[in-house]
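Okay, so here's the structure we're looking at.
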Amino acid sequence: MYEQISRNKWKSAALIVFFMAFIFVLVWFFEYVTGWGKGGLVLAVAVAMGMAAVGYYASDKIVLGISRAKPVSKDEYPYLYNVVEGLAIAAGIPPPKCYVIDDTAPNAFAAGRKPETAVICVTTGILEKLNRVELEGVIAHEMSHIKNFDVRLQTLVVVMAGVVALLSDWMLRSFMWGGGRRRGRSRGGDGAAGGVLVLVGLALAVLSPFIATIIQLAVSRKREFLADASSAELTRYPAGLASALRKISADTEPLEAANKATAHLYIVNPLKNLKGGNSGVNRLFSTHPPIEERIAALEKM
Amino acid sequence: MGAFVLLLIIIGAVAIMAIGMYNSLVTLRNRTDNGWSQIDVQLRRRYDLIPNLVETVKGYAKHEREVFEKVTQARAAAVNAQTIKEHGQADNVLTGALKSLFAVAENYPELKANQNFLMLQEELAGTESKVAYARQFYNDTVMKFNMRQQVFPSNIIANMFGFKERDYYQIEEEVAKGPVKVQF
């Protein structure tokens with residue numbers, strides 16, 4: 001359990017460093033190809049941060065609105081509140097507010113930038129279909145996302161992916177319009193080597209948004225594993241979450257309130273039709289690790 | 001000159017490390033205190049629920065005087081406990097007494113259907129698991145705090161400023177397995 005926690009923390013940190021290195025390489029080619037200098041990077045970072053800021057400050061309200069979640073009081077859902085408050089004590093954070101989605105599909109998510117303003121949202125289905133230890137496992141998973149500041153990390157990753165997308169976009173445009181001129185001026189015409197570099201730059205410009213997305217999703221999957229392991233640390237009972245994951249994934253009902261934009265937030269992907277096998281490509285482009293792997297990791301604790 | 005500068009750098013580095021260790025010891029001590037007060041809050045909440053519960057059960061099962069007395073006594077002992085150790089022991093007795101109270105309730109179908117009783121039961125179960133989680137948080141923090149006072153080199157700082165190791169909040173094996181399960 002503790003090894004899994006530190007391993008996943010280490011891996012997501014390594015991915016972030018790798019992402020930064022990737023941006024560094026991209027910037028080098030960007031300068032070489034477009035001749036814009038550092039100004040391009042500064043502009044890209046500023047634009048990406050501006051876009052992400054909206055997501056950072058409004059995402060919780062948007063998500064709660066889209067999924068038609070209603071805030072509930074302790075009198076209405078004493079059971080839910082007791083579980084949430086207990087795990088907040090275990091995690092050493094203030095108890096988050098509870099929201100409920102009126103949907104029979106079992107699922108849950110957490111939102112909010114910091115523990116003080118965080119919310120935990122569950123469907124009525126999950127309250128009915130899971131027993132207490134299973135629900136505790138699920139809530140502990142969400143509590144771990146809050147405690148580990150995953151929303152913040154996710155925002156950082158989104159900014160980085162945005163920078164990559166902007167840089168590569170601008171690079172492609174410069175190829176289309178000013179490409180020849182820039183190339184002639186750059187590095188005093190060093191012939192074949194320069195040509196190769198430009199080709200590599202072109203390939204990077206085309207491929208880098210994909211690479212950025214793949215890294216972004218890899219970070220997301222690592223954080224899911226981390227939240228599973230931290231959940232076990234909070235409840236001291238990994239079997240509870242494992243059994244909950246089994247029940248949730250076996251449930252064939254789709255969650256109507258979820259869509260592609262919010263799917264990554266839930267404890268289990270709510271769009272059941274996307275759950276198509278474990279083949280390589282499917283894995284690279286999914287926000288969550290396969291359920292079987294998560295259960296196996298929990299059972300190893 | 002060079003040696004003097006080097007000496008200054010070394011002294012500075014040692015001082016910064018010492019300050020860091022001292023501050024983390026203080027942080028852990030405060031977190032331990034906070035952890036204990038969390039347990040205390042939840043225990044008190046539990047003690048407050050019990051008279052209500054006893055009254056509700058009495059309404060349906062007047063003749064089970066023995067059980068009521070046992071619960072009331074155990075509660076009084078727990079409320080008056082002073083040290084962490086006493087708290088742990090008194091709490092075990094109380095948990096046992098509550099178990100027999102719920103076992104008695106088992107024989108009264110009308111009681112089991114009473115909305116107030118069901119709510120109190122949920123509150124008690126919730127509070128009990130909160131006590132367990134608060135205890136877990138407290139014990140984890142105590143472990144970190146005590147460890148910091150034992151390992152080198154922060155043990156030097158801990159000794160210098162008179163930090164004391166804390167007691168764990170211990171419970172008996174049987175109870176440790178989880179909150180009381182009440183089957184209906």
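A few points about this structure:
- Nearest 10 degrees, 0 to 90: helix A:78-91 Cα axis against chain A principal axis: 60
- Taking other residues whose beta carbon is less than 15 angstrom from the beta carbon of B:T27, and scoring Lys, Arg as +1 and Asp, Glu as -1, yields +3.
- Cα gyration tensor shape of chain B, rounded if a/c is under 1.5, else prolate or oblate by comparing a/b with b/c: prolate
- Most mobile of B:A77, B:A61, B:A113 in a GNM of chain B (Cα contacts under 10 Å): B:A113
- As a length-normalised measure over Cα pairs under 8 Å and 6 or more apart, the relative contact order of the range A:92-169 settles at 28 percent.
- Within straight-line cross-link reach of A:K74, aspartates and glutamates at Cα separation under 13 Å, skipping those fewer than 8 residues along the same chain: A:E85, B:E122, B:E123
- A cut-off under 14 angstrom between Cβ atoms defines the neighbours of B:I50, and their net charge, with Lys, Arg +1 and Asp, Glu -1, is +1.
- Beta bridge orientation in the range A:1-139: antiparallel %, DSSP, nearest 5: 60
- Shape of the range A:1-85, Cα gyration tensor, a/c cut at 1.5: oblate
- A:K114/A:A203 FRET efficiency (R0 35 Å; Cβ-Cβ; nearest 0.05): 0.30
- Within the shell of other residues whose beta carbon sits under 15 angstrom from the beta carbon of A:S208, the net charge comes to -1, with Lys and Arg scored +1 and Asp and Glu -1.
- Taking a ≥ b ≥ c as the square roots of the eigenvalues of the Cα gyration tensor, chain A is classed as prolate, since a/c reaches at least 1.5 and a/b is larger than b/c.
- Hits among aspartates and glutamates - C-alpha to C-alpha of A:K9 under 16 Å, sequence gap 8 or more where chains match: A:D150, A:E224, A:D228, A:E233
- Within the same chain, lysines fewer than 8 places from B:K99 are excluded, and of the rest, those with a Cα less than 20 Å from its Cα are B:K58, B:K62, B:K70, B:K112, B:K130, B:K177, B:K181.
Just so you know, all these numbers are worked out from the coordinates, no wet-lab data involved. As the structure is a computational prediction, the values presented were derived from the model and not from experiment. Reconstructed Cβ throughout: ideal geometry from the backbone, glycine too, with neighbour counts over all protein chains shown.
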